[in-house]
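The structure under discussion appears below in the form of structure tokens.
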Amino acid sequence: MTTSQERTAEQNLPYDVFSKACPSRGTLEHVTGRWGALTLGALHEGSFRFNELRRRVDGVSEKMLSQTLHALERDGLVHREAQPTNPPRVDYELTPLGHEVAERLLALIHYVEGRMDDVLAARGRYDEERAPR
């Protein structure tokens, strides 16, 4: 199947993330993966240059951040603006669609953060029950 035939086939699919052929699955992976979620959450705070964003998303490697930004840009969630200065300046910010996605992610992030005492208690119980005796 050629690329144009694949696109046509994808366009005729009902969007069902549980179907392996559905294009929404890739976007969901980009958004909900560790670095995608954190990058979108950080960019919700405003525009960042690459190294500023890398510092904000503590622990992400340069390579992973670059790959994440490319995927999110391709999905229409992040806008990359290169300014013709010397040295070159590149800024990243959310698109309107990216803002919508980030707001939903941040609601989940804040919910999880607010319930961490319960999560940590559950982990403790789990580990205690499974500890060798």
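Values computed for the structure shown
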quantity: Accessible area per residue in Å² at 1.4 Å probe, computed on the chain; calculated: 73 Å²
quantity: Accessible surface of the chain [probe 1.4 Å, protein heavy atoms]: carbon and sulfur percent; calculated: 51 percent
quantity: Gyration tensor verdict on the range 6-123 (Cα atoms; rounded if a/c is under 1.5, prolate if a/b is larger than b/c, oblate otherwise); calculated: oblate
quantity: Label-point separation in nm, ASP117 to MET64, each point 7 Å along Cα→Cβ; calculated: 3.0 nm
quantity: Mean residue ellipticity (222 nm) of the chain, computed from DSSP H runs ≥ 4 via -39,500 (n - 2.57), nearest 500; calculated: -19500 deg cm²/dmol
quantity: Inter-label distance for ALA131 and ARG25, nm, one decimal - labels placed 7 Å from Cα along Cα-to-Cβ; calculated: 4.1 nm
quantity: Convex hull of the range 85-133 built on C-alpha atoms - directionally averaged projected area, nm²; calculated: 7.0 nm²
quantity: For the range 124-133, 3J(HN,Hα) per residue [Karplus equation, 6.51 cos²θ - 1.76 cosθ + 1.60, θ = phi - 60°, Hz, x = Gly/Pro]; calculated: x, 4, 4, 5, 5, 5, 9, 5, x, 10
quantity: Loop-located trypsin sites (Lys or Arg not before Pro) in the range 96-128, at most 13 other Cβ atoms within 10 Å (DSSP); calculated: ARG115
quantity: Residue-span extension gain [HIS99 to GLU52] - 0.36 nm each, minus C-alpha spacing; calculated: 15.0 nm
quantity: Net charge, ALA37 excluded, C-beta distance under 15 Å - Lys, Arg +1, Asp, Glu -1; calculated: -4
quantity: Net charge contributed by nearby residues that have their C-beta within less than 11 Å of ARG54 (K/R +1, D/E -1); calculated: +1
quantity: Signed unit charges on C-beta, dipole axis of the chain, positive-most listed residue PRO23, LEU38, MET64; calculated: MET64
quantity: Per-residue HN-Hα couplings for the range 32-39 [Karplus 6.51, -1.76, 1.60; θ = phi - 60°; Hz; x = Gly/Pro]; calculated: 9, x, 3, 6, x, 4, 5, 5
quantity: Charge tally in the Cβ shell below 10 Å around ARG80, where Lys, Arg are +1 and Asp, Glu are -1, ARG80 excluded; calculated: -4
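The values are calculated or read from the model by the stated rules, or taken from the named source; none is laboratory data. Being a predicted model, the structure only gives us computed values, none of them experimental. Note: ideal-geometry Cβ built from the backbone for every residue, glycine included; neighbour counts use all protein chains shown. In case anyone asks, the SASA skips ligands and DNA or RNA and just uses the protein heavy atoms, side chains included. Shrake-Rupley method; radii C 1.70, N 1.55, O 1.52, S 1.80 Å.
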